[in-house]
Amino acid sequence: MSEQRTLSIIKQDATARNVTGSINARFEQADLRIIAQKRICVTKEQAKKFYEIHREKAFYDSICEHMSSGPIVVQVLQGEDAVAKNREIMGATNPANAAIGTIRRDFGQSIEHNAVHGSDSEENAAIEIAFFFNSLELVG
Ligand code: ADP
Ligand code: MG
């Protein structure tokens, strides 16, 4: 295990429900430090670029529409084993299958409106962090 950084996004369904602070508390309770954070709106084109890995999936257009439908909070979390730890506290993609006490179980509405995004590997974390932040904005 080592100190890592991972990209997290609090999605539009969660910002709309005003639970940004409640979700951030989960990260801090898990010893993940928010070392960068901003509330932004992205265009559908930007969302399509971010989710490009899913371009062949049936839900691609719909998730890009959702991601660009209102404010999102993009953030960098830092801590021991941050990539896997964040995936664990997020819970399964579908909130209905997510473990009790996870963010998606407690704040997600559906498989698409599932409150948060988290990088799935250290390699993708570096790519996704660079998508939203420059190095001066990462204050660890
Ligand atoms: P995760 O966010 O858990 O890494 P994926 O990378 O597989 O999940 O999918 C990216 C996002 O696409 C999910 O967080 C969810 O919002 C949406 N999604 C995934 N599967 C479906 C589906 N079957 N129907 C609708 N939306 C989906
Ligand atoms: Mg994913």
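The values are calculated or read from the model by the stated rules, or taken from the named source; none is laboratory data. Since the model is a prediction, treat every value here as computed from it, not as a measurement. Every residue, glycine among them, receives a Cβ derived from its backbone with ideal geometry; neighbour counts consider all protein chains shown. The protein model used for the area step is the full one, side chains on, heavy atoms only, and it has no ligands, DNA or RNA in it. Shrake-Rupley method; radii C 1.70, N 1.55, O 1.52, S 1.80 Å.
Report the residue count in the range 90-124 for those that are touching a Gly at 6+ places or on another chain (Cβ under 9 Å), at negative phi and of a type outside the set (Val, Ile, Thr).
Qualifying residue count for the region: 12.
Of all residues being closer than 20 Å to Ala82 by Cβ and out of contact with any Leu (no Cβ under 6 Å at 6 or more places or on another chain) in the range 36-52, which is most open to solvent (accessible area, probe 1.4 Å)? Just the residue, please.
Gln37
I'm told Ala30 meets every condition in (1) open to solvent by less than 40 Å² (accessible area, probe 1.4 Å); (2) under 14 Å from the mean Cα position of the chain (by Cα) except one. Can you identify the failing condition by its number?
With (1) open to solvent by less than 40 Å² (accessible area, probe 1.4 Å); (2) under 14 Å from the mean Cα position of the chain (by Cα) applied to Ala30, the lone miss is (2).
Scan (1) touching a Cys at 6+ places or on another chain (Cβ under 8 Å); (2) within 8 Å of ligand 1 (Cβ to nearest atom) for the single condition Ile72 breaks and write down its number.
So the condition that Ile72 fails would be (2).
Within 15 Å of the chain's Cα centre (by Cα) and not hydrophobic (A, V, I, L, M, F, W, C): is that true of Gly140 in this structure?
Answer is no for this residue.
Tally the residues that are part of a helix (DSSP H, G or I), touching a helix residue (DSSP H, G or I) at 6+ places or on another chain (Cβ under 9 Å) and among the small types (Gly, Ala, Ser), restricting the search to the range 19-71.
Qualifying residue count, the range 19-71: 2.
Which residues, counting only those in the range 109-124, are without any contact (Cβ under 8 Å) to a residue 40 or more places away in the chain and either away from ligand 2 (no atom under 11 Å from the Cβ) or touching a strand residue (DSSP E or B) at 6+ places or on another chain (Cβ under 6 Å) (or both)?
If the condition is that a residue be without any contact (Cβ under 8 Å) to a residue 40 or more places away in the chain and either away from ligand 2 (no atom under 11 Å from the Cβ) or touching a strand residue (DSSP E or B) at 6+ places or on another chain (Cβ under 6 Å) (or both), then Ser110, Ile111, Glu123 are the ones that fit.
Among the candidates Asn86, Asn94, single out the residue that is out of contact with any Cys (no Cβ under 7 Å at 6 or more places or on another chain) and under 28 Å from Val139 (Cα atoms).
Among Asn86, Asn94, only Asn86 is out of contact with any Cys (no Cβ under 7 Å at 6 or more places or on another chain) and under 28 Å from Val139 (Cα atoms).
Taking only pairs six or more apart or across chains, which ones have beta-carbon atoms under 7 Å, a first residue in the range 41-62 that is within 12 Å of ligand 1 (Cβ to nearest atom), and a second residue that is acidic (Asp, Glu)?
Going by the 7 Å Cβ cut-off, the qualifying pairs are Phe59/Glu112; Ser62/Glu112.
Condition first: part of a helix (DSSP H, G or I), of a type in the set (Lys, Arg) and either within 14 Å of ligand 1 (Cβ to nearest atom) or touching a helix residue (DSSP H, G or I) at 6+ places or on another chain (Cβ under 8 Å) (or both). Can you find one or more residues in the range 86-104 that meet it?
Yes, some residue in the range 86-104 is part of a helix (DSSP H, G or I), of a type in the set (Lys, Arg) and either within 14 Å of ligand 1 (Cβ to nearest atom) or touching a helix residue (DSSP H, G or I) at 6+ places or on another chain (Cβ under 8 Å) (or both).
Report, by residue number, each residue of the range 113-140 that is in a loop (DSSP other than H, G, I, E, B), surrounded by 13 or more Cβ atoms within 10 Å (Cβ to Cβ) and away from ligand 1 (no atom under 15 Å from the Cβ).
Phe133, Leu138
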